[in-house]
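Engineer: Got a structure for you, written out below as structure tokens; questions coming shortly.
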Amino acid sequence: QVQLVESGGGLVQPGGSLRLSCVAPAIPFSISTMGWYRQAPGKQLDLVAAINSGRRTNYSDFVKGRFTISRDNDKKTTYLQMNSLKPEDTAVYYCNARSVAQDLWGQGTLVTVSS
């Protein structure tokens, strides 16, 4: 059973923007820390950004000032707004939902930044 569903990936030119969404209808969303990770070809999985139940956010240095994570508890959805995209942002982006009772991953959505 798929519990996290990502969307919003695609092809964008350098300097462009995309917004990723992650819907989690079947989990205790409001108490979960939601995160976005990414994995580029041949590279390790890296944390991009996270937001906890108190809406405290954490960003990796390589996206600070460009990406914004947010959450809508009523819609059980977390978002990643990505601006000023660079070719090095090209990766599969994964949504993660973490609490004391779970550690769930989405199937991933591909973001390609290229001219």
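The values are calculated or read from the model by the stated rules, or taken from the named source; none is laboratory data. Because the structure is predicted, anything quoted here is derived from the model rather than measured. Using ideal geometry, Cβ is built from the backbone for each residue, glycine included, and neighbour counts are taken over all protein chains shown. Remember, those area values only see protein heavy atoms, side chains included, never the ligands or the DNA or RNA. Shrake-Rupley method; radii C 1.70, N 1.55, O 1.52, S 1.80 Å.
Engineer: State all residues of segment 26-42 that are of a type outside the set (Phe, Trp, Tyr) and within 17 Å of Thr109 (Cβ to Cβ); if no residue qualifies, say none.
Structural biologist: Result: Met34, Gly35, Arg38, Gln39, Ala40, Pro41.
Engineer: Collect the residues in segment 16-52 that are in contact with a strand residue (DSSP E or B) (Cβ under 7 Å, 6 or more places away or on another chain), open to solvent by 30 Å² or more (accessible area, probe 1.4 Å) and either more than 20 Å from Leu4 (Cα to Cα) or not in a strand (DSSP E or B) (or both), keeping them in residue-number order.
Structural biologist: Selection gives Ser17, Pro28, Ile31, Asn52.
Engineer: Cβ-Cβ under 6 Å, sequence separation 6+ or interchain: first residue in segment 104-115 and over 10 Å from Val12 (Cβ atoms), partner aromatic (Phe, Trp, Tyr) and surrounded by 15 or more Cβ atoms within 10 Å (Cβ to Cβ). Which pairs?
Structural biologist: Hits for this filter: Trp105/Tyr94; Gly106/Tyr94; Gly108/Tyr94; Thr109/Tyr93.
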